[in-house]
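Participant: Here it is, the structure, as structure tokens.
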Amino acid sequence: MERDDTLLQVTDLHTSFATGRGTVRAVDGVSLTLAAGRTLGIVGESGSGKTVLARSIMGLLPKRGATRTGSIRFEGQEIGELSPKDLRDFWGRQMAMIFQDPMTSLNPVMKIGKQITEAIHEHLEVDRSHAREMAVALLRSVRIPEPERRMKEYPHQLSGGMRQRVCIAVALACGPALLFADEPTTALDVTVQAQVLELIAQQQRERHMATIMITHDLGVVAGRADEIAVMYAGRIVERAPTAVLFSELRMPYTQALLSSIPRLDQPSHARLSTIPGRPPNLITPPPGCRFAPRCAFAQDRCRTEEPPLVAGDAPGHEYRCWFPVDPPSRRPATGTPVGAPNGGEA
Amino acid sequence: MPGPGEGTEATTSDLSRFAEDTLSPGLAVGQGQLYMTAVMSETGRRRRLGVGAWIAIGWLVLIVILAVLAQLGALPLKDPNRSYAMCARLGPFAKEGTAPGHLLGCDTNGRDMLARLLYGAWASLLVSIGAVIVGFVFGGVLGMLAGYFGGKVDTVLTAVFNVFLSIPAVILALALVAFLQGSAGETGGSSGADPKIILILALGIVSIPLLGRITRASALTWSEREFVLSAKAQGAKPLRIMVREVLPNVLPAMLSIALLGVAVAMVAEGTLSILGVGVKPPTPSWGNIIGSQRSSLQESPHIIFEPALLIFFTVLSLNFLGDVVRARLDVRESSV
Amino acid sequence: MAGTGTAHLRPEGDALLRVEHLVVEFPAGHGRKVQAVSDVSLDLVEGETLGIVGESGCGKSTTGRAIMQLPRPKAGAVVFEGTNLTKLKGEALRAQRPRLQMIFQDPISSLNPRRDVRSIVREGLDIWKIGTPDEREAKVAAALDDVGIDPANADRRPHEFSGGQCQRISIARAVITDPKVIICDEPVSALDVSVQAQILNLLDEMKDRYGLTMIFIAHDLAVVKNVSDRVMVMYLGKVCEVAPPDTLYARPAHPYTAALLAAIPVPDPAQRPDPTTVLAGEIPSPLDPPSGCRFRTRCPKATERCAAEEPEIREVSPGQFVACHFPLAPGETITFGPTRTDLPQI
């Protein structure tokens, strides 16, 4: 994907936080590239550092206690070199973000209309009535019925799905080139989730906007992302174009994530495969492969030596594993659940 | 909130998100604040008390010990009610020859200020702490009932609280003192009940709606939590749920308000003394020293300033400690 | 939908728990009442798991709580082991409580932060003074062990555990009094997919080990399908469809069931999400529910009849019951457009 229309290029990003218990290395050496108009899915359990990654890219880290190193270039501009004022201008016009909980990201005591026009005024030189028209048009474009009436309502008067639509409208107000969606549908019903995901996809097509979709559910990004990066303990452990990832996955963690999702085509009472234990704490991550303590295929080497990100067979496919599993495409059609480890390749 | 116009202050809420992502595996739905409080309480518990807190505690302990010792007669103090006529209006730290041993000077009647202040501490502390205990117990029980049961119980109790809160506290206290003195006089003969008891009751009743409201609000939110529902589902009786499930969570808020309440009651006792219905002279209290000697502010300001400073430092310490208690106990939210 | 009727109930003698014509009302301010559950009937045979699915606001959680008599239903019967709980008062009802237990969605909110795990789990035994202190301790340790929590950690407070572990502790607390029925109210909705799989497996295990009968409430049909023997789909306080999960998945008869199925994200990039299967619109206000079938305002198959006449639950294939005038034929697909506005909105 190293093309001319590269929108975002992140190189060797590290973000850490000083806490009472020690330094948390939440993002530990992440590089990624995103082209204009494309969708990148970042998938991982909570504790994998995916939210911190997004916040680091946006420059939304706390002033105190957080350290960021590495390069983030957005349309060739190094984010770290922007002054706070430039950065403020940058948000909204270039990058915007929607969050998991729409209620906490909207101001509860401000009318919907005002929240959107404020966002417009912040970045664009337009008069009041024009901003209002733009706000109504935005609400209409995110499929909110009766936008004029909704403009006068407060967030608590809307349902969860409607609130998330308002958040999307606010995020889109100044036509950002990149939208971060941080678990945008986790708090919503499945039916509303489908509506919101469809809305994001449609807005993305219409605006030629790139999207980074952060989720713990591979199902959410399977049909919608162009590329997927799987994060574990602050690192990208596998990355590939979406179709390749699902057919060629080599990292046991990706496989475990995928097979822990209950599927409609499984018979009921099917035992789900699980990942034992919990993600490591990022103050003292385990030596060697960070997934080794929970990995069914871990061997001695995994516990001492950290595997590098190596290229897979398909273009754009990279993974981080000493003993990668057989990809689904090379497995006999029947035995899906567990892939046996290969010999010591990589 | 989405990009524009926001984000310059990446503070607590942001921190909480990071904490959520990095320290609390396993939960998909955001409970950011809770995670952050987990982190904060973790560090909070390890952190030692600040210097300020130790000074506040030290001051309060000192005052209490001195008050108790003075009351027991264990301190080499002069008689607080004896007049040293020669020494009237004597300033503090006066030269030995004229006023042997009057470290803090004497009041208009020539009584030793140090002795009066330390004896007075007893009355002041007794009244203010006693009043808050009355308010704590009754306000706590009523507030708990209102918050836990809700519905009509809540409506009635809240209405009563509001009625009492709508009357200015000093006027209410005055009225209560008058009323209680009257009824005590009827039953208890000419001498009447100890005026300190009457003050404790009056100020206690005034503080009931205050503590009641705080307790109610806190009990209401905790009673909606699912662990309370779970206790109901297991067949626990209301009293058990209130005591075992709700009370431990409400107590920190009550305690911090109660500490502030002691300070307020101490000032209120002083106010009532100035109005002439406080602790009855000649028994000293910090309040009635100020109240009875207020006309001498011009010529002998030390008589007013000494008790005022004691009240000031004590109230400040209580306020500070109340904040510390709240900060240390309140963040102890459960967090996954 | 909006179905009433009891056609899906099995013979009275077979049921461990039988709920008939359940109605739950809440005050909605200004003297108005809102019916969260309107005439719902269901039954549970010993040892089975009944899944209840629907969007937020469909009354599924309220149904679960009304069965527990928390709060008491406005009307209807809840017959548990031959006793009608709605007729019991005070001590008689309290005596039944340990037999029916509940697990909640929010693992944080469901554990008292100021008590240690041991006393939280032991509470049921303490309330009913079951066994000597030593026996209680042993029972607590056994229950914790069964749910995969090391009893050595029982002195810790809930905040020292992860979300999944807290949910395990909730399960231990629920089984400590040897209940017959456990009502699980969205027990995995707040968890990561990997943890969700662990809890779903655990619930299935606990069901066998403790001989439990379960009601499993969730908004995700894939999750419900995994644990259930029978699934009930609810919408706006009414029953839509009741069927075995495999039947429901293979040939949904109610248009709403089809919409719920279509909304589940599939972890397979080959299955691109189809915008036409996204159910449009929002669940109507229960203060002013649509006449006739309550789903008609969002249903592409709705006709005048659906507005005029409420459908009764009837059997469309063996074991499959549906409350719809025009159920889907096996294999029939359905597409959802924007909300229908051409129908009488009464």
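The values are calculated or read from the model by the stated rules, or taken from the named source; none is laboratory data. Predicted model, so just to flag it, every value in this text is computed and none were measured. Cβ sites come from the backbone with ideal geometry, for glycine too, and all protein chains shown count toward neighbours. Quick note on the areas: whole protein, heavy atoms, side chains included, nothing else; ligands and nucleic acids left out. Shrake-Rupley method; radii C 1.70, N 1.55, O 1.52, S 1.80 Å.
Participant: Given the criterion in contact (Cβ under 8 Å) with a residue 12 or more places away in the chain and among the β-branched types (Val, Ile, Thr), identify the matching residue among A:104, A:51.
Facilitator: Within the list A:104, A:51, the selection yields A:51.
Participant: Also, I was wondering about something else. Of everything in the range C:163-188, what is open to solvent by 10 Å² or more (accessible area, probe 1.4 Å) and of a type in the set (Val, Ile, Thr)? Give them in sequence order.
Facilitator: The one that is open to solvent by 10 Å² or more (accessible area, probe 1.4 Å) and of a type in the set (Val, Ile, Thr): C:177.
Participant: Here's something else I'd like to know. If I filter the range A:104-133 down to residues being closer than 19 Å to residue A:93 by Cα, in a helix (DSSP H, G or I) and among the β-branched types (Val, Ile, Thr), which single residue comes out as most open to solvent (accessible area, probe 1.4 Å)?
Facilitator: Step by step, filter the range A:104-133, then rank; the result is A:117.
Participant: Looking at (1) free of Cβ contacts under 8 Å to residues at least 60 places away in the same chain; (2) touching a helix residue (DSSP H, G or I) at 6+ places or on another chain (Cβ under 8 Å); (3) open to solvent by less than 10 Å² (accessible area, probe 1.4 Å), which is the one condition that is false for residue A:212?
Facilitator: Every listed condition holds for residue A:212 apart from (1).
Participant: Taking residue C:208 as meeting all but one of (1) more than 10 Å from chain A (Cβ to nearest Cβ); (2) buried (at least 24 other Cβ atoms within 10 Å of the Cβ), write down the number of the exception.
Facilitator: The failed condition is (2).
Participant: Would you list the helices (runs of 4 or more DSSP H) that sit entirely within the range B:186-284 and hold 1 or more residues that are small (Gly, Ala, Ser) and open to solvent by 10 Å² or more (accessible area, probe 1.4 Å)?
Facilitator: Answer list for the range B:186-284: B:195-223, B:247-274.
Participant: I would also like to ask the following. Pairs needed: first member in the range C:164-178, facing another protein chain (nearest Cβ under 9 Å); second member anywhere, part of a loop (DSSP other than H, G, I, E, B) and among the basic types (Lys, Arg); C-beta distance under 9 Å; at least 6 residues apart or different chains.
Facilitator: C:164/A:278; C:165/A:278
Participant: Here's a follow-up. Residue B:217: within 14 Å of the chain's Cα centre (by Cα) and either touching a residue at least 40 places away in the same chain (Cβ under 8 Å) or within 17 Å of residue B:133 (Cβ to Cβ) (or both), yes or no?
Facilitator: Against the criterion (within 14 Å of the chain's Cα centre (by Cα) and either touching a residue at least 40 places away in the same chain (Cβ under 8 Å) or within 17 Å of residue B:133 (Cβ to Cβ) (or both)), residue B:217 does not qualify.
Participant: Among the residues of the range C:190-201, are any open to solvent by less than 20 Å² (accessible area, probe 1.4 Å), under 19 Å from residue C:101 (Cα atoms) and either among the small types (Gly, Ala, Ser) or touching a strand residue (DSSP E or B) at 6+ places or on another chain (Cβ under 8 Å) (or both)?
Facilitator: Within the range C:190-201, one or more residues are open to solvent by less than 20 Å² (accessible area, probe 1.4 Å), under 19 Å from residue C:101 (Cα atoms) and either among the small types (Gly, Ala, Ser) or touching a strand residue (DSSP E or B) at 6+ places or on another chain (Cβ under 8 Å) (or both).
Participant: Let me ask something additional. Going by what's in this entry, would residue C:338 be described as open to solvent by 20 Å² or more (accessible area, probe 1.4 Å), more than 10 Å from chain A (Cβ to nearest Cβ), within 30 Å of residue C:28 (Cβ to Cβ) and modelled with pLDDT under 85?
Facilitator: Here the answer is no, as residue C:338 does not meet what is asked.
Participant: Looking at A:164, A:195, A:202 in this structure, which one is open to solvent by 10 Å² or more (accessible area, probe 1.4 Å), assigned to a helix (DSSP H, G or I) and in contact with a helix residue (DSSP H, G or I) (Cβ under 7 Å, 6 or more places away or on another chain)?
Facilitator: None of the others qualify; the one that does is A:195.
Participant: So residue A:143 clears everything in (1) more than 14 Å from chain B (Cβ to nearest Cβ); (2) in a helix (DSSP H, G or I) except one condition, right? Which one?
Facilitator: Of everything listed in (1) more than 14 Å from chain B (Cβ to nearest Cβ); (2) in a helix (DSSP H, G or I), residue A:143 misses just condition (2).
Participant: Here's another thing I want to ask about it. Being at the interface with chain B (Cβ under 10 Å from one of its Cβ atoms), of a type in the set (Lys, Arg) and buried (at least 24 other Cβ atoms within 10 Å of the Cβ) is the requirement here; does residue C:157 meet it?
Facilitator: No.
Participant: So residue A:34 ticks every box in (1) assigned to a strand (DSSP E or B); (2) more than 10 Å from every other protein chain (Cβ to nearest Cβ); (3) open to solvent by 20 Å² or more (accessible area, probe 1.4 Å) but one. Which box is left unticked?
Facilitator: The single condition residue A:34 does not satisfy is (3).
Participant: Quick one: in the range C:88-113, of everything that is over 14 Å from residue C:179 (Cα atoms) and surrounded by fewer than 18 Cβ atoms within 10 Å (Cβ to Cβ), which residue is farthest from the other protein chains (Cβ to nearest Cβ)?
Facilitator: C:89
Participant: Among the residues of the range C:278-320, what is the count of those that are within 24 Å of residue C:36 (Cβ to Cβ), in a helix (DSSP H, G or I) and charged (D, E, K, R)?
Facilitator: Total satisfying the criteria: 2.
Participant: Still on this structure: Does the range A:289-305 contain at least one residue that is more than 22 Å from the chain's Cα centre (by Cα), among the small types (Gly, Ala, Ser) and not in a helix (DSSP H, G or I)?
Facilitator: Scanning the range A:289-305, I find at least one residue that is more than 22 Å from the chain's Cα centre (by Cα), among the small types (Gly, Ala, Ser) and not in a helix (DSSP H, G or I), so the answer is yes.
Participant: Can you name the condition, by its number, that residue A:79 falls short on among (1) in contact with a Gly (Cβ under 6 Å, 6 or more places away or on another chain); (2) open to solvent by less than 50 Å² (accessible area, probe 1.4 Å); (3) within 11 Å of chain B (Cβ to nearest Cβ)?
Facilitator: With respect to (1) in contact with a Gly (Cβ under 6 Å, 6 or more places away or on another chain); (2) open to solvent by less than 50 Å² (accessible area, probe 1.4 Å); (3) within 11 Å of chain B (Cβ to nearest Cβ), residue A:79 is out only on (3).
Participant: For residue B:314, are the conditions met, namely being modelled with pLDDT under 90 and under 22 Å from residue B:199 (Cβ atoms)?
Facilitator: Judged against the criteria, residue B:314 is not a match.
Participant: While we're on this one: Of the residues C:13, C:31, which single one is assigned to a helix (DSSP H, G or I) and without any contact (Cβ under 8 Å) to a residue 60 or more places away in the chain?
Facilitator: Criteria check complete, one pass: C:13.
To keep it simple, each residue is scored yes or no on (1) within 14 Å of another protein chain (Cβ to nearest Cβ); (2) within 24 Å of residue A:227 (Cβ to Cβ); (3) basic (Lys, Arg); (4) open to solvent by 30 Å² or more (accessible area, probe 1.4 Å).
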residue	(1), (2), (3), (4)
A:277	yes, no, no, yes
A:292	no, no, no, no
A:297	no, no, no, yes
A:307	no, yes, no, no
A:323	no, no, no, no
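Participant: Regarding residue C:5, is this residue within 20 Å of residue C:323 (Cβ to Cβ) and either without any contact (Cβ under 8 Å) to a residue 24 or more places away in the chain or in contact with an Asp or Glu (Cβ under 9 Å, 6 or more places away or on another chain) (or both)?
Facilitator: yes
Participant: Next question, about the same structure. Answer yes if at least one residue in the range C:115-127 is more than 12 Å from every other protein chain (Cβ to nearest Cβ), over 24 Å from residue A:259 (Cβ atoms) and open to solvent by 20 Å² or more (accessible area, probe 1.4 Å), and no otherwise.
Facilitator: Yes - at least one qualifying residue is present in the range C:115-127.
Participant: Only one of these is over 29 Å from residue C:29 (Cα atoms), modelled with pLDDT of 90 or more and touching a Ser or Thr at 6+ places or on another chain (Cβ under 9 Å): C:278, C:239, C:227. Name it.
Facilitator: C:227 is the lone residue from the list that is over 29 Å from residue C:29 (Cα atoms), modelled with pLDDT of 90 or more and touching a Ser or Thr at 6+ places or on another chain (Cβ under 9 Å).
Participant: Further question: Return a yes/no flag: does the range A:229-240 have any residue that is within 7 Å of chain C (Cβ to nearest Cβ) and either open to solvent by less than 10 Å² (accessible area, probe 1.4 Å) or assigned to a helix (DSSP H, G or I) (or both).
Facilitator: Within the range A:229-240, none of the residues are within 7 Å of chain C (Cβ to nearest Cβ) and either open to solvent by less than 10 Å² (accessible area, probe 1.4 Å) or assigned to a helix (DSSP H, G or I) (or both).
Participant: Checking residue C:196 against (1) in contact (Cβ under 8 Å) with a residue 24 or more places away in the chain; (2) farther than 30 Å from residue C:258 by Cα; (3) of a type outside the set (Asp, Glu), which single condition isn't satisfied?
Facilitator: Exception for residue C:196: condition (2).
Participant: Among the residues of the range B:79-88, is there at least one that is modelled with pLDDT under 75, of a type in the set (D, E, K, R) and surrounded by fewer than 16 Cβ atoms within 10 Å (Cβ to Cβ)?
Facilitator: No, that holds for no residue.
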